[in-house]
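Notes to accompany the following structure.
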Amino acid sequence: MVKFTKEHKSRLEKLATPTLANVLDDIGFEGIMYNLQPAGFGMRVVGEALTVQETTGPFGSFKTEDFKVGHMIEKANPGDVIVVANNGAPVSTWGGMASYSAKLKGIGGLVVDGGIRDREEIIEFNFPAFSKHMVPTPGKTRIKVLSIGEPIICSGVKVRTGDIIVADGTGVLCIPLEELENVISNAEKFSADDNQAMLEMEKGLTFIEALSKFKKI
């Protein structure tokens, strides 16, 4: 069984999501979560997923205790990325105080196919958070947590607890744990090609020639 190690994390931290996305195409895995944006410039996270499934209704649909943001934080290990599937609902499932609590625990970050709020506080606490919406609408009595730790579909991508999440200024993607070493190794080759192409363009290689010589730049 594949285990996510500090070495894996260190190598992934050197790779951008576009480079990793090239490899996901090659292995035939639709791992890109579309239309998710960072709360602040320069946010980036690499870590194992802890999955959460939510459902959303109008104000008053659920009990306050169904919101369970605290349960997500309690279940997450240091370094984990909490990944929340909420079908793109424009309601906040996370805010500044949750970010502060998660940061104190060492949780790596948050990805939400839905809404978050308190952008300024999230940036102040330097907690990497990625979402479809930045919206002040409260989640209490509108959102119910259905499961924690079960497979989910987040922004069209199947994510299991333990799969690897990489998010940066370009986007968010998921790497199946069993494909981890293959994806990293091939992405490192593509990254090396990028660097070599830039060196050769400095010496006169045209961009058309570079595209022909290096297939994945």
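Each value in this text was obtained by applying a stated rule to the coordinates, not by laboratory testing. This one's a predicted model, so the numbers in the text were calculated from it and none came from an experiment. All Cβ positions, even for glycine, are placed from backbone atoms using ideal geometry, and neighbour counts span all protein chains on display.
Side notes on the structure shown:
- Cut-off 19 Å, label 7 Å out along Cα→Cβ of N35, residues of segment 116-130 by amide N: 116-117, 130
- Farthest toward the positive end of the dipole of segment 30-175, out of G70, P151, G31, is the Cα of G70, where the dipole comes from beta carbon charges about the Cα centre.
- Rounded to 10°, Cα long-axis angle of helix 96-105 versus longest principal axis of the chain: 70
- Taking 0.36 nm per residue of separation and subtracting the current Cα-Cα distance, fully stretching the chain between T64 and K3 would add 18.3 nm.
- Put a dot 7 Å past the Cα of K140, heading toward its Cβ, do the same for E209, and the two dots end up 6.5 nm apart.
- For the residue pairs K158/K213; K6/K140; K3/K158; K103/K189, the alpha carbons lie more than 29 Å apart in K158/K213; K6/K140; K103/K189.
- Which of G169, G139, S99, positive extreme of dipole for the chain (C-beta unit charges): G139
- Residues whose amide H falls under 5 Å from that of S61, counting only those 5 or more places apart or on a different chain, are absent, with hydrogens built in the peptide plane.
- For segment 1-43, a/c is not less than 1.5, where a ≥ b ≥ c are the root eigenvalues of the C-alpha gyration tensor, and a/b does not top b/c. That puts it in the oblate class.
- Cα gyration tensor shape for segment 70-149, rounded if a/c is under 1.5, else prolate or oblate: oblate
- Cα gyration tensor category, rounded, prolate or oblate, for segment 30-175 with a/c compared to 1.5: rounded
- Counting only Cβ charges, +1 for Lys and Arg and -1 for Asp and Glu, the dipole size of segment 30-175 around its Cα centre is about 240 debye.
- The chain - percent relative contact order, Cα under 8 Å, separation 6 or more: 30
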